[in-house]
Amino acid sequence: MVTLSDIRAARARLQGITVHTPLVQFPLCAEDPRRLFLKTENQQPIGAFKLRGAYNKISQLSEKERRRGVITYSSGNHAQGVAYAARALGVKAVIVMPAAAPVIKREKTAALGAELVLVGPTGVERQLKAEELAAQHGYVIIPPYNDEQIIAGQGTMGLEILEDLPEVEMVLAPVGGGGMISGVSTAIKSLKPSVKVIGVEPELAADARATLRAGHIVEFPAAQVTRTIADGLRAQCVGDIPFEHIRRYVDDIITVTEDEILRATRYLSANPATLAEPSGAVSTAGFIFHAAELPHANLAVAIISGGNVDPELLKE
């Protein structure tokens with residue numbers, strides 16, 4: 001299990017690499033007594049939170065491991081995080097991505113100097129290809145979420161939220177493979193257990209909610225999860241390491257519809273500071289459209305996990 005000291009050590013490593021992203025208040029209707037602040041991870045150098053975990057992981061590799069190079073499998077934002085961190089540390093990076101990943105994410109990853117390997121749409125295909133190439137060439141695998149050092153890096157968001165808004169009562173976070181919510185919930189519950197931590201995921205990829213309800217990992221079929229517009233949340237199941245953190249620290253997981261995700265994306269696009277990709281908009285959608293399912297809280301934070309939205313989708 002990741003500890004508060006692990007997260008604090010990660011924060012020290014990230015100094016000068018990641019941004020302490022600001023909280024931006026979201027304008028709710030006058031009749032709503034609640035206040036919502038957005039944790040704007042879209043303002044990171046790669047436009048997403050994934051740099052936190054990737055850099056924390058790669059920076060702890062030995063010199064021998066760095067010489068071997070790193071490889072990961074990702075639909076986009078973790079790909080950019082690994083590419084950015086590897087370039088900063090002088091390490092070769094190979095990224096296995098789905099050919100159907102948003103063009104903006106592929107182009108940004110390649111621009112950071114990574115070698116791209118394109119495969120089919122499912123997470124299993126990406127992982128198997130990465131493991132195959134790692135076995136052939138000796139690359140070190142940098143998992144997207146099922147890793148304690150990755151989780152510790154993502155948990156630095158929780159430290160920042162409590163520093164900037166110590167009176168916060170609820171934090172909502174998107175859930176894909178579970179790395180972000182694991183780290184954030186560990187940090188927040190370790191420092192202020194009264195804060196409610198709520199995961200939000202698409203209805204089409206609600207494996208994390210099913211897992212929390214069942215008490216064991218539930219896997220969803222690839223044909224279903226790949227239908228969600230939230231391309232960063234298409235994991236078929238949470239990792240076993242995130243699962244341990246989720247069942248210990250997360251209060252609940254709710255789901256949002258595709259229409260709600262798109263509406264929240266549109267609302268957030270009204271302010272350049274809160275521009276979000278669909279995956280990054282799900283937590284805001286949960287707060288806006290599912291108040292009845294949430295614990296009572298007058299002061300909440302929703303994490304915008306990323307802002308790498310496809311221009312054509314944004315136009316639509």
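Observations on the structure shown:
- Karplus-based coupling profile of the stretch 219-227, in residue order and whole Hz: 9, 9, x, 4, 4, 8, 5, 6, 7, with θ = phi - 60° in 6.51 cos²θ - 1.76 cosθ + 1.60 and x standing for Gly or Pro.
- Inter-label distance for Asp251 and Glu31, nm, one decimal - labels placed 7 Å from Cα along Cα-to-Cβ: 2.5
- Per residue, the chain reaches -13500 deg cm²/dmol at 222 nm when only DSSP H runs of four or more residues are counted, each adding -39500 (n - 2.57).
- Ascending count of other beta-carbon atoms within 10 Å, so fewest first, for Tyr84, Tyr267: Tyr267, Tyr84
- Taking Glu163, Glu115 and counting other C-beta atoms within 10 Å, the order from fewest to most: Glu163, Glu115
- Centroid-to-centroid, using Cα positions, the stretch 148-163 and the stretch 214-290 are 18 Å apart.
- Counted by neighbouring Cβ atoms within 10 Å, the residues Cys237, Cys29 run from fewest to most as Cys29, Cys237.
- Ranking Ser182, Gly138, Val171 by Cα position along the charge dipole of the chain, where only Lys, Arg, Asp and Glu carry charges on their C-beta atoms, puts Gly138 farthest toward the positive end.
- Counted as membrane-span-like here are DSSP H helices of the chain whose alpha-carbon atoms extend 20 Å or more along the helix's own axis and whose Kyte-Doolittle mean is -1.0 or above; these are 123-137, 148-164.
- Most mobile listed residue (Asn271, Asn42, Asn77) in the chain, GNM with C-alpha springs under 10 Å: Asn271
No value in this document is a laboratory result; all are computed from the given coordinates. Just so it is clear, the structure is predicted and the values come from calculations on it, not from any experiment. Cβ coordinates were reconstructed from backbone atoms using ideal geometry, including for glycine residues, and neighbour counts include every protein chain displayed.
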